[in-house]
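Notes follow once the structure below has been shown.
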Amino acid sequence: MAAKLRTLFPYLIALITWEVVGQLDLVASGALPAPSEIWARFWLDRADYPRHVWATLQASGAGFVIGNAIAVLAGLLFVLVPATARVARGLNIAIFALPPIAIAPILALTLEGMTPRIVLAALGVYFVTMQATVTGLSQFDSRAADLVRAYGGARAKVLRFVQVRGALPAILSGFRVAAPNAVLGAILAEFGGGGRWGLGAYLLGSLGRGEPARLWGIGLTATLIAGLSYAVFAAISGRVMGASRAITLNPAAAPPAPGMAGRPWLGLASLLLPFVVWWGLLVALRVPDMLGKTPWDVVRYLFLADGAAQAQDRLLAALAETLPITGLGLAAGLSVAFALSVSSHLSPGFTRAFVPFALVTQTMPLVALTPLLVLILGRGTSVTLWITISVTFFPAYVMITQGLAQVPRAALELPRAYGASPWRELRLVAIPASVPWVFAAIRVTVPRALLGVMIAEWLATGRGLGNLLNQSRGYMDFNMIWTVAMVSVLLSVGFYQIAQGVERMVLRRMGGA
């Protein structure tokens, strides 16, 4: 009982502090209302919530099922036929790097009903579950597979009785991470114009009313749904499998299979596949030419049309505002993550107190978090930095902390034998040994940094690519909407590839040192 009270004590202190600060209006003249005020407003609005919550749950649930089904089947295909993994690598990285805000307006324009929400939710869950499936199927018990083969079992038997069963913990862990992503995808589509009902639509309709307590109520409701979805699959994973494998959001290509290295056509196919899928979906869905723009339409709009120069000027002006703050926010988020990881390594008690608060910031959907930060910080650069830090620090923190924890104990014994302090031990051994994890954190967080900046620009600052996307939607400038979407995806993929190239160069030098 005493241990439980000690665990709850930090939360009680935080809640009491929040109540006092809210009651005294110490933050931006009521922008941070007290929990009691948020609850009172929620109670007054209680009749509004059922239909909005149900709409979000329907879309996110359908997207979760569809996206995960495709992801598991894709993972099976990539393991059984390694050449397909290399061909699909470009498409997989594009999906991983895809800023949902960039395609939410396109989905709302080209699809009907709840389909945009379902599609965005499915895209949000695909990559993490696909990666978890590939990881689980690839890391099976070879001794069990040898036993099946010894009794005459063919490849299908090994897959069924060894690989698939062994992959279940990893797949369930993938579901756990993917569940909040499905909620975020559905809310982003709702916020982007995906219908009347849903928490995103409710939040959008409440932004101009000057009622912070209502905005906090909607945001916390969305956070509760995302957090519960995570908790449900965490409980299933723990109960069914006993323990779950750690899932690393690391889309680095697996080593090529024998005979694949000399096939340049696979690399070319990987490069072209995202554009072929883009073109094919427009044809398959019969999207009108006025709404749906092919890759060639975007190239013609930017370089060959009469107004190409003006389009380029607008795009370059937006990029000049977005890229610097993206780099600054990424650096700040990684710095925060590194500092927190070091603190956790030196003081394990810090982790137990910090992680629950960090999980709350990660499960609160960005579109719900941004208006609340605007109320507190205003519409300047500071709110963009805070949003970018909030979406980048936690994945980086998890990866760097995991890297520090996996330093071999034998490597730490030498400095300890010479009486090195914990900080010196960390600086000389643990940090250099965890460099691969730091680079993995950079690759994971680069697309998230651009997403955070674009959402802040869209909802708060009125600048950059996010604002250009919003303006183009208001002017029904479909060419620019598709152009911003394509440029944002190419930027994310490009940043990812640059980070991966630097990683390989540094690790190669470290290996040769």
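The values are calculated or read from the model by the stated rules, or taken from the named source; none is laboratory data. Computed from a prediction, not measured in an experiment: that's the story for all the values here. Cβ coordinates were reconstructed from backbone atoms using ideal geometry, including for glycine residues, and neighbour counts include every protein chain displayed. These accessible areas exclude ligands, DNA and RNA; they are computed on the full protein's heavy atoms, side chains included. Shrake-Rupley method; radii C 1.70, N 1.55, O 1.52, S 1.80 Å.
Restricting the search to helices (runs of 4 or more DSSP H) fully inside the stretch 163-252 and requiring at least 3 residues that are open to solvent by less than 40 Å² (accessible area, probe 1.4 Å), farther than 13 Å from His52 by Cβ and at pLDDT 80 or above gives 165-191, 212-241. Those helices (runs of 4 or more DSSP H) of the stretch 365-434 in which at least 2 residues are modelled with pLDDT under 70 and within 26 Å of Val183 (Cβ to Cβ), considering only elements entirely within it, cover 366-377. Number of residues in the stretch 458-503 that are at pLDDT 80 or above and among the charged types (D, E, K, R): the value is 2. Looking at the stretch 290-318, which of the residues that are of a type in the set (S, T, N, Q) and open to solvent by 40 Å² or more (accessible area, probe 1.4 Å) is nearest to Leu490 (Cα to Cα)? Going through the qualifying residues, I end up with Gln312. What do you reckon, is Leu316 at pLDDT 85 or above and over 19 Å from Val391 (Cα atoms)? Taking the combined requirement at face value, the residue satisfies it. All conditions in (1) modelled with pLDDT under 75; (2) of a type in the set (A, V, I, L, M); (3) out of contact with any Pro (no Cβ under 6 Å at 6 or more places or on another chain) hold for Ala85, with the sole exception of (1).
A single entry from Arg86, Arg46, Arg51 fulfils the requirement of being open to solvent by 40 Å² or more (accessible area, probe 1.4 Å), of a type in the set (Lys, Arg) and over 27 Å from Val119 (Cβ atoms): Arg46.
Just a yes or no: is a residue in the stretch 479-491 more than 20 Å from the chain's Cα centre (by Cα), surrounded by fewer than 19 Cβ atoms within 10 Å (Cβ to Cβ) and farther than 30 Å from Val435 by Cα? Yes: the stretch 479-491 contains one or more residues that are more than 20 Å from the chain's Cα centre (by Cα), surrounded by fewer than 19 Cβ atoms within 10 Å (Cβ to Cβ) and farther than 30 Å from Val435 by Cα. For the stretch 109-123, the set of residues classified as assigned to a helix (DSSP H, G or I) and open to solvent by 30 Å² or more (accessible area, probe 1.4 Å) consists of Leu109, Thr110, Thr115, Ile118, Val119, Leu123, listed by residue number.
Applying a threshold of 6 Å to beta carbon distances and a minimum spacing of six or more residues, or different chains, the list of pairs starting in the stretch 364-383 at a residue that is farther than 18 Å from Gly205 by Cα and ending at one that is at pLDDT below 70 and open to solvent by 20 Å² or more (accessible area, probe 1.4 Å) reads Ile376/Val27; Ile376/Ala28. Need pairs with beta-carbon distance below 8 Å; first residue within 20 Å of Phe191 (Cβ to Cβ) and among the small types (Gly, Ala, Ser) and within the stretch 86-107, second open to solvent by less than 20 Å² (accessible area, probe 1.4 Å) and outside any helix (DSSP H, G or I); sequence gap 6+ or separate chains. Every condition considered, the pairs that remain are Ala104/Gly192; Ala104/Gly194.
One line per residue, one yes/no per condition, for (1) farther than 26 Å from Tyr126 by Cβ; (2) of a type in the set (Val, Ile, Thr); (3) not in a helix (DSSP H, G or I):
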{"position": "Val20", "(1), (2), (3)": "yes, yes, no"}
{"position": "Ala40", "(1), (2), (3)": "yes, no, no"}
{"position": "Arg46", "(1), (2), (3)": "yes, no, yes"}
{"position": "Arg51", "(1), (2), (3)": "yes, no, no"}
{"position": "Ala59", "(1), (2), (3)": "no, no, no"}
{"position": "Ala71", "(1), (2), (3)": "no, no, no"}
{"position": "Ala74", "(1), (2), (3)": "no, no, no"}
{"position": "Phe78", "(1), (2), (3)": "no, no, no"}
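Selection of the stretch 54-71 for residues being surrounded by 22 or more Cβ atoms within 10 Å (Cβ to Cβ) and of a type in the set (A, V, I, L, M, F, W, C) yields Ala55, Ala59, Phe64, Ala71.
With respect to the stated conditions, Gly501 fails to be open to solvent by less than 60 Å² (accessible area, probe 1.4 Å) and either under 14 Å from Leu98 (Cα atoms) or touching a residue at least 40 places away in the same chain (Cβ under 8 Å) (or both). Does the stretch 70-90 contain any residue that is among the aromatic types (Phe, Trp, Tyr) and closer than 27 Å to Asn470 by Cα? Checked against the condition, which is being among the aromatic types (Phe, Trp, Tyr) and closer than 27 Å to Asn470 by Cα, the stretch 70-90 yields no hits at all.
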